[in-house]
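Since every read-out is calculated from the coordinates, none of them should be taken as a lab result. Please read these numbers as outputs of a predicted model, since none were measured by experiment. Heads up, the Cβs are rebuilt from the backbone with ideal geometry, glycines too, and the neighbour counts pull from every protein chain shown.
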There are 2 protein chains.
Amino acid sequence: MDTHSKHLPADERRAVTVESVVALAGTQNPSEITTAAIAKHMNLTQGALFRHFPNKEAIWQAVMEWVADRLLARIDRSVKGIESPLAAMEAMFMSHIAFVAEHPGVPRMMFGELQRAEPTPAKIVVQALIKRYGERLSRLLDSGKENGELSPSLDNEAAATLFIGTIQGLIMQSLLAGDVERIRRDAPKVFAIYRRGIESAQ
Amino acid sequence: MDTHSKHLPADERRAVTVESVVALAGTQNPSEITTAAIAKHMNLTQGALFRHFPNKEAIWQAVMEWVADRLLARIDRSVKGIESPLAAMEAMFMSHIAFVAEHPGVPRMMFGELQRAEPTPAKIVVQALIKRYGERLSRLLDSGKENGELSPSLDNEAAATLFIGTIQGLIMQSLLAGDVERIRRDAPKVFAIYRRGIESAQ
DNA sequence: GTCTTAAGATAGTAATCAATTACTATCTTT
DNA sequence: AAAGATAGTAATTGATTACTATCTTAAGAC
C-alpha cells in the first residue's frame with residue numbers, strides 16, 4: 001500500500017486520502033478530523049491535500065462515495081447465488097457486519113453526515129446509499145413473503161428499519177464497550193431475534 | 001419560561017443553558033454548537049456563559065446529566081404498575097420514543113458523545129445512563145422468562161442490544177426523512193416485529 | 001541526459017473558536 | 001439607603017481551522 005515514492009499520481013493520492021480518513025474515523029470523532037490530521041496520517045503536508053481536492057467538503061464526498069461503492073458491492077456479492085430470501089438477508093447482514101468491523105469509522109461517519117442540517121454533498125451520497133440499501137432489502141422481503149419464509153403480514157418498511165437498527169444497536173454496544181470485535185461476536189445472536197420476528201410461523 | 005428579567009439566579013441560568021443546548025441539538029449537528037450560538041439562543045452574551053460553567057465541557061456534562069435524569073425518570077414512570085413484563089417493555093419503548101420525538105437532539109448528542117475517543121465527563125454520563133438502562137431491561141427480560149411471556153432460550157444481552165437498536169433504527173429513518181414525527185408513527189410497527197422476536201411461542 | 005510539469009514543501013492568510021478581562025447593571029441584605 | 005454579592009456586557013486573547021500563494025523537487029517523455 002505504502003510505496004516509498006514521495007510523488008504519487010493524483011488518483012492514487014486521492015485514494016490514499018480517502019483510506020486515511022476512513023482509518024482516522026475508526027479512532028476519533030469524524031467531525032474532529034482536521035485536514036492537518038489527514039495529511040499527517042499519510043505523511044504529507046496539509047496544504048498539499050488541496051492539490052487534489054478543491055476543499056474539505058470534497059474530501060468527505062469522496063469518502064462517502066468510497067463507502068457506498070464498497071458496501072453495496074460487498075452485500076451484492078454476499079447475496080449472489082443464494083436462492084432463499086431469508087438466507088440472503090442473513091448473508092447481507094453478516095457481510096455488512098464484517099464491513100463495519102473492518103472499518104469501524106464507517107457508521108460514525110454515516111451517522112455524522114446524516115445529522116447535518118444542510119444537504120452537503122457527502123450527506124446526499126449517504127442518503128442515496130441508504131435508499132439503495134433499502135430497495136435491496138425490500139426486494140428480498142417481497143420474495144420472502146412469496147415463497148412463504150416470511151410472515152405475509154410483515155410491514156416491509158418496518159422490517160427494513162429494524163434491519164438497519166439491528167446493526168445500529170450492535171454499533172452502539174461496540175462504542176460503549178470500546179471494542180469493535182464485539183460486533184462480530186454478538187451479531188449472530190442479535191440477528192437470530194430479528195429473524196424470529198420476521199419469519200412465518202412454523 | 002422566559003421571564004423578562006435579564007438577571008437570573010445561577011441555577012436558573014444553568015437550567016436555561018441546558019435547555020438551549022437540547023433545543024439547538026434538535027436542528028443542528030451537536031458538535032457544531034458553539035458557545036456563541038448557545039448564548040444567542042438564550043439572549044445572552046457569549047462570555048456570560050462562563051460565569052456559570054467553568055468551560056464548554058462542563059456545559060455538555062450538565063446537558064447529558066439532564067438527559068439521563070429525565071429519560072430514566074420517564075421510563076420508570078411509564079413502567080410503574082404494569083405487571084406484565086412484556087407490556088412493561090412496550091411501555092418503556094413507547095415512552096422512550098415519545099421522549100426522543102420531543103427532544104430530537106437527544107439521540108444525536110448521545111451518539112456524538114459515545115464516539116469521542118477520550119472519556120469526557122459527558123461521555124461518562126452517557127455510558128452510565130446506558131448501563132442503568134440496560135439493567136432495567138435485563139430485569140424485565142428475566143421476569144418475562146419466569147412468567148412465560150418470553151422465550152426461555154432468549155439471550156438477554158442480545159435482546160437488550162436489539163431493543164436499543166430498534167430505537168436507533170427509527171432515529172436513523174427520521175434523520176433520513178428529516179421528519180421527527182415519523183418516529184412516533186412507525187414505532188408501533190417496528191416494536192411489533194421485535195416483540196415477535198422475543199416472545200415465547202404461542 | 002534534459003525539459004516539462006505534476007506533485008509537494010513552506011509559509012503564509014482570514015475566519016472562527018473557547019476563554020478571559022475590565023467594567024457595569026441589578027439584585028439582596030442589613 | 002448603603003454596601004456587598006451576583007450576573008451581564010463588550011472587547012480582546014491565543015489557539016486552531018480551512019484554504020492559498022510561492023518556491024522547490026521529482027518523475028516521465030523525448
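Annotations
- Stretching B:SER200 away from B:ILE82 to a fully extended chain increases their span by 40.6 nm, per 0.36 nm per residue minus the current alpha-carbon distance.
- Note that the range B:140-147 has calculated 3J(HN,Hα) couplings of 5, 5, 4, 6, x, 5, 4, 8 Hz, one per residue in order, obtained from phi through the Karplus relation 6.51 cos²θ - 1.76 cosθ + 1.60 (θ = phi - 60°); glycine and proline are x.
- Each other copy places its own label point for A:PRO152 at 3.3 nm from this one, sorted shortest first, where the point lies 7 Å along the Cα-to-beta carbon line.
- Over all Cα atoms in the range B:116-175, the spread is summed up by Rg and Dmax: 14.4, 43 Å.
- Inter-copy label distances at B:ALA201, using a point 7 Å along Cα-to-Cβ, come to 1.2 nm with the shortest given first.
- Volume of the Cα convex hull of the protein assembly as shown, divided per residue and given in Å³: 149
- The range B:1-53 - Debye-derived log10 I(q)/I(0), Cα point model, q = 0.14, 0.16 Å⁻¹: -0.33, -0.43
- Amide H to amide H distances under 5 Å link B:GLU199 with B:SER151, where only residues 5 or more positions off or on other chains count and H is placed in the peptide plane.
- Note: relative contact order over chain A, using C-alpha pairs below 8 Å and six or more positions apart, is 21 percent.
- Using every pair of separate Cα atoms, the Kirkwood estimate puts the hydrodynamic radius of the range B:1-150 at 16.9 angstrom.
- For the range A:114-128, 3J(HN,Hα) computed residue by residue from phi via the Karplus equation (6.51, -1.76, 1.60; θ = phi - 60°) reads 4, 8, 5, 6, 7, x, 5, x, 5, 5, 4, 5, 5, 4, 5 Hz, glycine and proline entered as x.
- Paramagnetic reach from B:ASN55 (point 7 Å along Cα→Cβ, amide N under 17 Å) across the range B:17-39: B:34-36
- Here is how far apart the A:GLU57 label points are across copies: 3.3 nm, shortest first, using a point 7 Å from Cα toward Cβ.
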